[in-house]
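To start, I am sharing the structure in question, which I have written as structure tokens.
Read the figures in this text as sums done on the coordinates, not as results from a lab. Please read these numbers as outputs of a predicted model, since none were measured by experiment. Quick reminder, even Gly has a Cβ in these numbers, built from the backbone with ideal geometry, and neighbours come from all protein chains shown.
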Amino acid sequence: MEKEKVVIIGSGPAGLTAALYTARAQLNPLVIAGSQLGGQVALTSEIENYPGFFREEHPPTGAELVEVMQKQAEHFGARLEYDEVTAVDFSKGSPFYIKTYGKEYMADAVIVTAGASPRRLGIPGEEEFIGRGVSYCGTCDGFFFRGKDVIVVGGGDSALEEGIFLTKFATTVTVVHRRSELRGGPALQKRAFANEKINFVWNTVLDEIKGNGTVQSATLRNVETGATQDQPIDGVFVFVGHYPNSKFLEGQLEMDEHGYVITDELMRTSVPGVFAAGEIQDAIYRQVGTSVGQGVAAAMQTEKWLSERE
Ligand code: NAP
């Protein structure tokens, strides 16, 4: 087993930025990309709020941003491995052990940037109809709902942004939110309220998704009156938050009660030599810009930590 200087787990904005910085610091980083190159942003339809990367007419896509970030990191010497980490052993300190589906690695330092994944509702029918009417990504699946009626569950920025995007395809988009007030920011709220294809159902949750091969209806329950009703629908898009992809780190790094890796202001985890950046350790900001900043910080601290050991 060859020893790497730095292994970066994850290839979202935090990981690719850490790769760029550690590559430019001559640390020859290896990025284990995970199941989705670029992470969540790769599936985002439009990026309007990442400074320095803007086009008024056709806002750039998340996939475009990831492509540029990847090329930039590789240009300076980062290497990408298209595999997924299944287990790590940080218990004996550096060098650290990392196992993927295909290989085992040893590394002097590790930067964990494994990100977060969309949360599920956990209701009957949801699991059964994933890919057959239930989706967590408008950019990926919106096209299949041309001329159809869809429900969007959630009231945050993701629900609004994806709901607006889905109106390019769907005839109607019904946003079902459990409260009577949206969580999403004012700019997205304004756009969503102004969109004629979008209507809102307040104080309501989904109890069940039903169908026959594909989704045909959803059971809606008003949380104030308790009244339920079956609404015929072709698709259900769920945007109810995220959970950190930290299962493989259990027992290895300190985490909070929601599974977010705990870091200090120097992006250090509970294990010296293991740093973390991006959504695996950030439940608050969750922006490309903040993940990039945290990736820079983690890379700089990794470089410092390694040089102090030499
Ligand atoms: P979020 O802000 O956590 O919103 C999740 C939404 O789902 C909330 O409205 C929540 O309701 C609802 N919800 C949670 N669990 C539910 C359940 N079991 N059943 C029904 N509804 C449920 O998540 P997000 O929208 O994915 O956004 C995450 C972060 O990314 C935020 O910081 C956001 O600003 C950011 N983001 C930014 C942009 C942008 O700037 N363009 C785009 C996407 C995301 P309550 O409101 O009642 O809690």
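So which residue, out of 189, 229, 40, gets the largest mean-square fluctuation from a GNM of the chain using Cα contacts under 10 Å as springs?
Highest fluctuation of the listed residues: 229.
Right, next: Residues of the stretch 123-167 with the amide nitrogen closer than 19 Å to a label point 7 Å from the Cα of residue 210, along Cα-to-Cβ, please.
It comes to 123-130, 132-134, 149-152, nothing else.
So what's Rg/Rh here for the stretch 1-146, counting alpha carbon atoms and using the Kirkwood radius for Rh? It would help to have the intermediate numbers written out before the result.
On the way: Rg = 17.6 Å, Rh = 16.9 Å.
So for the stretch 1-146, dividing Rg by the Kirkwood Rh gives 1.04.
How large is the helix-only mean residue ellipticity at 222 nm for the chain, computed as the sum of -39500 (n - 2.57) over DSSP H runs with n ≥ 4, divided by its residue count, in deg cm²/dmol to the nearest 500?
On the way: 6 runs with 71 residues, N = 310.
It comes out at -7000 deg cm²/dmol, rounded to the nearest 500.
As a footprinting exposure proxy, order 1, 267 by other Cβ within 10 Å, with the fewest listed first. Working shown, then result.
Details: 1 9, 267 25.
Ordered from fewest to most neighbouring Cβ atoms within 10 Å, 1, 267 come out as 1, 267.
Cut-off 10 angstrom, C-alpha nodes, Gaussian network model of the chain. Which of 104, 161, 57 fluctuates the most?
It is 57.
In the structure displayed, which of 5/103; 148/247; 3/304; 92/247 lie more than 27 Å apart, Cα to Cα? List each step's numbers first, then the result.
Working: 5/103 17 Å; 148/247 37 Å; 3/304 19 Å; 92/247 20 Å.
Result: 148/247 exceed 27 Å.
Take the Cα coordinates of the stretch 233-310, assign each an equal point scatterer, and use the Debye formula without solvent to give log10 I(q)/I(0) at q = 0.27 Å⁻¹.
-1.30
Please work out how much length the chain gains when fully extended from residue 199 to residue 101, using 0.36 nm per residue of separation minus the C-alpha to C-alpha distance, in nm with one decimal.
Numbers: separation 98, 0.36 × 98 = 35.28 nm, distance 4.45 nm.
Here the segment from residue 199 to residue 101 would lengthen by 30.8 nm.
Between 0 and 90 degrees, rounded to the nearest ten: what's the tilt of helix 288-309 against the longest Cα principal axis of the chain?
It is inclined by approximately 20 degrees.
Return 304, 5 ranked ascending by Cβ neighbour count within 10 Å, so the fewest neighbours appear first. Each step should come with its number before you reach the end.
On the way: 304 12, 5 18.
If I rank by nearby Cβ atoms, fewest first, I get 304, 5.
Hey, in the GNM for the chain with a 10 angstrom Cα cutoff, which one of 280, 209, 130 fluctuates hardest?
Fluctuation is largest for 130.
What number, in percent, do you get for the relative contact order of the stretch 134-238 if the mean sequence gap of Cα pairs under 8 Å and at least 6 apart is divided by its residue count? Intermediate results must be reported in sequence, preceding the final value.
Details: 230 pairs, mean separation 31.7, N = 105.
Contact order relative to length: 30 percent.
Let me ask you something else. Quick one: length gained pulling residue 55 to residue 132 fully straight, 0.36 nm per residue minus the C-alpha distance? Don't skip to the end; give the middle numbers.
Numbers: separation 77, 0.36 × 77 = 27.72 nm, distance 3.42 nm.
Length gained between residue 55 and residue 132: 24.3 nm.
Quick check: from the Cα gyration tensor, does the stretch 134-238 come out rounded (a/c under 1.5), prolate or oblate?
On the way: a/c = 1.89, a/b = 1.05, b/c = 1.80.
Oblate is the answer for the stretch 134-238, as a/c is 1.5 or above yet b/c matches or exceeds a/b.
Indicate the gyration tensor shape class of the chain (rounded, prolate or oblate), computed on the Cα atoms with a ≥ b ≥ c the square roots of the eigenvalues: a/c under 1.5 is rounded; otherwise a/b larger than b/c is prolate and the rest oblate. Working shown, then result.
On the way: a/c = 2.31, a/b = 1.90, b/c = 1.21.
Since a/c reaches 1.5 and a/b is larger than b/c, the shape of the chain is classed as prolate.
While we're here: Zone of residue 265 (label point 7 Å along Cα→Cβ, backbone N under 20 Å): which residues in the stretch 279-295?
In the stretch 279-295, the label zone of residue 265 (backbone N under 20 Å from the point 7 Å along Cα→Cβ) covers 281-286, 290-295.
About the Cα centre, and with charges only on the beta carbon of Lys, Arg (+1) and Asp, Glu (-1), how big is the dipole of the chain? Nearest 20 debye, please. Write out the running numbers ahead of the final one.
Working: 28 positive and 41 negative charges, 49 e Å.
Its charge dipole is roughly 240 debye.
Something else now. Per residue of the stretch 66-80, in order, report the coupling 6.51 cos²θ - 1.76 cosθ + 1.60 (Karplus, θ = phi - 60°) as ³J(HN,Hα) in whole Hz, putting x for Gly and Pro.
These are the phi-based 3J(HN,Hα) values: 4, 4, 5, 4, 5, 4, 5, 5, 5, 4, 8, x, 5, 10, 10 Hz.
Order these by the 10 Å Cβ neighbour count, fewest first: 292, 175, 112.
Values: 292 22, 175 26, 112 34.
Neighbour counts put them in this order, fewest first: 292, 175, 112.
Relative to the present Cα-Cα distance, how much length would full extension add between residue 308 and residue 48 at 0.36 nm per residue of separation? Please report the intermediate quantities before stating the final value.
Working: separation 260, 0.36 × 260 = 93.60 nm, distance 3.98 nm.
Contour length minus the Cα-Cα distance gives 89.6 nm.
Also, quick follow-up: Report, to the nearest 10°, how far helix 157-166 tilts away from the longest principal axis of the Cα atoms in the chain, using its own Cα long axis and a range of 0 to 90°.
It works out to around 60 degrees.
Let me check against my output: what whole-number percent is the relative contact order of the chain, with C-alpha pairs under 8 Å and at least 6 apart? Before the final figure, lay out each step's value.
Values: 716 pairs, mean separation 63.2, N = 310.
Over the chain, the number comes to 20 percent.
While we're looking at this one, here's another question. Roughly how tilted is helix 13-24, in degrees to the nearest 10 and between 0 and 90, from the longest Cα axis of the chain?
20
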